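Step one of this worksheet: look at the structure below.
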Amino acid sequence: MSIESLKSALPDYAKDIKLNLSSISTDPSLGDQRLWGTLLASAIATRQTVVIDAVEAEARQRLSPEAIAAAKAAAAVMAMNNVYYRFAHLVSAKDYAGMPARLRMNVMANPGVPKVDFELWSLAVSAVNGCGHCMDAHESLLRKEGLSPQEIQTAVRAAAVVQAVATVLDAERGAAAPRAAAA
């Protein structure tokens, strides 16, 4: 699997997604580690195995084993945090916002890559998962660490494109199932 295989799997109606995947996967503005860590963490957040496998195969050519592990850790810990903090933020009762989460997230203190990279990947996963509280927290920290709005936007664009690829492939797999059953 590869990015090229993902592009080939996209149907004609998703031409914009295919073009966006081409441009975002070659965007030089973040550098390889930040870009491919973002793509990998976002792919994992989609839960779509074809997308995960393709992105991870290419990421392994561009990232150290430590960066691969950190991108996976960002996706894992944010899968948990996004559910918890989205709940605490969205429920009417505000009691929960003041309570300690009491969830282990030690990897955030020592992710094995520069903290700013891990935060960027966490932001991308939070965007895929739709956690406004987490997006605000990570975006604010990234700005304090000196990332520009354009760099932050590039990471979120990458997450958006990866999510769109997964959505299209899921839709195509779902459309193919009734045809296969009828055959």
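Readers should treat all values here as calculations from the given coordinates under stated rules, not as data from a laboratory. Please read all numbers here as calculations on a predicted model, not as lab measurements. Cβ atoms come from the backbone with ideal geometry, glycine included; neighbour counts cover every protein chain shown.
A few remarks follow.
- Listed residues ARG86, ARG62, ARG173, most fluctuating in the chain (Gaussian network, C-alpha, under 10 Å): ARG173
- Relative protection proxy for 41-52, 13-24, from highest mean packing down: 41-52, 13-24 (other beta-carbon atoms within 10 angstrom).
- Neighbours of PHE118 by Cβ distance under 13 Å: Lys/Arg scored +1, Asp/Glu scored -1, total -1.
- Over all other residues within a Cβ to Cβ distance under 12 Å of SER64, the charged ones net out to -1, with Lys and Arg as +1 and Asp and Glu as -1.
- C-alpha long axis of helix 115-129 to longest principal axis of the chain, angle in °: 60
- Prolate/oblate/rounded call for the range 44-112, Cα gyration tensor, a/c under 1.5 rounded: oblate
- Contour excess over end-to-end distance, with Cα ends at ASP12 and VAL83 and 0.36 nm allotted per residue: 22.1 nm
- Take every Cα pair under 8 Å whose residues are at least 6 apart in sequence, average their separation, divide by the length of the chain, and the relative contact order is 31 percent.
- Summed over qualifying helices (DSSP H, 4 residues or more, each -39500 (n - 2.57)) and divided by its residue number, the chain shows a 222 nm mean residue ellipticity of -24500 deg cm²/dmol.
- Summing charges over all other residues whose Cβ lies under 12 Å from the Cβ of ARG157, with Lys and Arg as +1 and Asp and Glu as -1, gives -2.
- This structure gives Cα extents along the principal axes in Å, computed directly, and of [x] 44, 41, 37; [y] 40, 40, 28; [z] 56, 38, 27 that value is listed as [z].
- Using only side-chain charges placed at the Cβ, +1 for Lys and Arg and -1 for Asp and Glu, the dipole size of the range 3-182 relative to its Cα centre rounds to 360 debye.
- Mean separation of Cα contacts under 8 Å (6+ apart) over length of the range 13-103, as relative contact order %: 24
- Alpha carbon centroid spacing (whole Å) that separates the range 1-24 from the range 141-173: 15
- J(HN,Hα) series, the range 7-17, from Karplus relation 6.51 cos²θ - 1.76 cosθ + 1.60, nearest Hz, glycine and proline x: 4, 5, 7, 7, x, 4, 5, 9, 4, 4, 5
- Residue separation of ASP53 and ARG173 scaled by 0.36 nm, minus their Cα-Cα distance, works out to 41.6 nm of gained length.
- Taken one residue at a time, the phi angles of the range 49-64 give Karplus couplings (6.51, -1.76, 1.60, θ = phi - 60°) of 4, 4, 5, 4, 4, 5, 5, 5, 4, 6, 4, 4, 7, 10, 10, 6 Hz. Gly and Pro are set to x.
- In nm, spacing of pseudo-spin labels at GLU66 and ALA93 (7 Å Cα→C-beta vector): 4.4
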